[in-house]
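Novice: After the structure tokens below, expect a handful of questions from me.
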Amino acid sequence: MPAKPCIALIAHDQKKADMADFALQHQGALSRFRIVATGTTGGRVQEACPDLDVTRLKSGPLGGDQQIGAMIATGEVDMLIFFIDPLSALPHDVDVKALTRLATVYDIPMALNRATAEKLIDFQKD
Ligand SMILES: O=C(CO)COP(=O)(O)O
């Protein structure tokens with residue numbers, strides 16, 4: 001069986017409920033991926049969808065965004081869904097920028113809000 005593609009899931013605090021709901025709604029499509037997530041986001045996704053296998057990395061402000069960026073640079077991530085909060089100041093804003101930059105450099109499909117994520121995940125259904 002070929003290896004599953006990898007999807008990275010990240011959500012800022014104000015968007016975590018939205019991410020948990022998104023994961024619940026799209027459990028079927030997400031189960032076709034290996035899922036990696038920043039620490040707290042991964043916990044919320046796992047809580048909402050206990051059947052999904054989620055690898056939790058460090059929390060975003062403690063390096064999780066950078067870990068996912070490194071995985072993108074080494075070709076390990078095929079898609080990024082990142083629900084960003086554009087209305088709050090973040091101590092690790094530079095990490096967020098670096099991550100979205102690398103996803104652009106490596107031309108990874110990337111959704112930064114739910115509307116785009118819904119479209120991207122729709123492509124995964126057949
Ligand atoms: O801060 C984040 C992304 O920038 C998300 O990290 P957590 O999922 O650990 O909250």
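Values quoted throughout were computed directly from the atomic coordinates according to the rules given, and no laboratory measurement underlies them. Only a predicted model underlies this, so the values are computations on that prediction, with no experimental measurement involved. When we count neighbours, we look across all protein chains shown, and the Cβ atoms used for this are built from the backbone with ideal geometry, even at glycine.
Novice: Tell me, what HN-Hα J-couplings in whole Hz come from the Karplus equation 6.51 cos²θ - 1.76 cosθ + 1.60 at θ = phi - 60° for each residue of the range 76-84, using x for Gly and Pro?
Specialist: Along the range 76-84, the couplings run 8, 10, 9, 7, 10, 10, 9, 7, 8 Hz.
Novice: Each residue of the range 18-25 in turn: what ³J(HN,Hα) in whole Hz from Karplus with 6.51, -1.76, 1.60 and θ = phi - 60°, glycine and Pro shown as x?
Specialist: Taking θ as phi minus 60°, the curve returns 4, 5, 4, 5, 4, 4, 4, 5 Hz for the range 18-25.
Novice: In addition: Going highest first, how would you order 28-34, 75-81, 113-119 by mean Cβ packing within 10 Å? Don't skip to the answer; put the middle values down first.
Specialist: Details: 28-34: 15.7, 75-81: 19.4, 113-119: 14.1.
Top to bottom by mean Cβ count within 10 Å: 75-81, 28-34, 113-119.
Novice: Largest first and to the nearest Å, give the Cα extent of the range 6-122 along each principal axis.
Specialist: 32, 29, 25
Novice: Ok, one more. Would you mind putting 82-89, 7-14 in packing order, based on average other-beta-carbon counts within 10 Å, highest first? Intermediate results must be reported in sequence, preceding the final value.
Specialist: Values: 82-89: 13.8, 7-14: 22.5.
Highest to lowest by the protection proxy: 7-14, 82-89.
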